[in-house]
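One structure below.
The values are calculated or read from the model by the stated rules, or taken from the named source; none is laboratory data. Keep in mind that what you see is a predicted model, and the values were worked out from it rather than measured. Here Cβ is always computed from backbone atoms with ideal geometry, including for glycine, and neighbour counts include all displayed protein chains. These area figures cover heavy atoms from the full protein model, side chains too; ligands, DNA and RNA do not enter into them. Shrake-Rupley method; radii C 1.70, N 1.55, O 1.52, S 1.80 Å.
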Amino acid sequence: MKNIVLIGMPACGKSTIGVILAKTMGVGFLDTDLLLQQRDGHGLPYFLRVESHAIQSIDCRDTVIATGGSAVYSEIAMRHLHLSSILIYLQLPYEEIEHRLDNIKTRGVAMEKGESLYSLYQERAPLYEKWADLIIDAAGQTAEQTVEAILEAIGNENGNQ
């Protein structure tokens, strides 16, 4: 089985949905944010470089992988994930992301100083779409409903190969 990689904006549910999806499928779970020990203190370019290297080091099978929201900035990391994975974009409208993100600072969102959440969303959404093999509309859905939608989409994807 190919790995399943979840991509999307912070607060779209990648980690929560990833855990439930992995448990449902009986496979492993990996959160790339947990691979990163230092999230602050060295600036955004340093963080993105460290994140890219961490993703490139992933070598697993039968695993659901939740990436950080900024993973899509690294073409080499995304190409690495594409080799052994189905990339799934958990798509939410901006308003729902904004509602879910109570405090952007405590979430450790990788963004430039002074950048707004809206501009970050506008910048990243096309990148998520570019890299996604499948797009799951998670708007207004519970985590369990999103997992069901993913399982259905994966079943359809595997049936078409």
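On average, how much accessible surface per residue is there in the stretch 7-149, in Å², for a 1.4 Å probe, leaving out ligands, DNA and RNA?
On the way: 7410 Å² over 143 residues.
Per-residue value: 52 Å².
Remind me, relative contact order of the chain in percent, using alpha carbon pairs under 8 angstrom and six or more residues apart?
Working: 228 pairs, mean separation 53.7, N = 161.
Averaging sequence separation for qualifying contacts and normalising by length gives 33 percent for the chain.
Charges only on Cβ, +1 for Lys and Arg, -1 for Asp and Glu: so what's the dipole of the chain about the Cα centre, in debye to the nearest 20? Show your work: numbers first, answer last.
Details: 13 positive and 21 negative charges, 89 e Å.
Dipole about the Cα centre, nearest 20: 420 debye.
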Check: Of the heavy-atom accessible surface of the stretch 82-145 (probe 1.4 angstrom), what whole percent is carbon and sulfur?
Finding: 49
Next item on the list: Report the relative contact order of the stretch 46-105, percent, no decimals, based on alpha-carbon pairs under 8 angstrom and at least 6 residues apart.
Entry: 33
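Within the chain, count lysine pairs with alpha carbon atoms under 23 angstrom apart where the residues are 8 or more positions apart or belong to different chains. Walk me through the numbers on the way to the answer.
Values: 2/14; 2/23; 2/130; 14/23; 14/105; 14/130; 105/113.
Summing the qualifying lysine pairs gives 7.
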Next item on the list: Report residue 49's accessible area, 1.4 Å probe, all protein chains in place, as a number in Å² to the nearest 10.
Entry: 130
Check: Could you work out the helix-only [θ] at 222 nm for the chain, with each DSSP H run of four or more residues adding -39,500 (n - 2.57) and the total divided by the number of residues, to the nearest 500 deg cm²/dmol?
Finding: -14500 deg cm²/dmol
Next item on the list: Report residue 1's accessible area, 1.4 Å probe, all protein chains in place, as a number in Å² to the nearest 10.
Entry: 110
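For the stretch 65-144, run through the GluC sites (Glu not before Pro) and keep only the ones in DSSP coil with at most 15 other Cβ atoms within 10 Å of their Cβ.
Values: sites: 75, 95, 96, 98, 112, 115, 123, 129, 144; in loops: 112, 115.
Here the sparse-neighbourhood loop sites are 112, 115.
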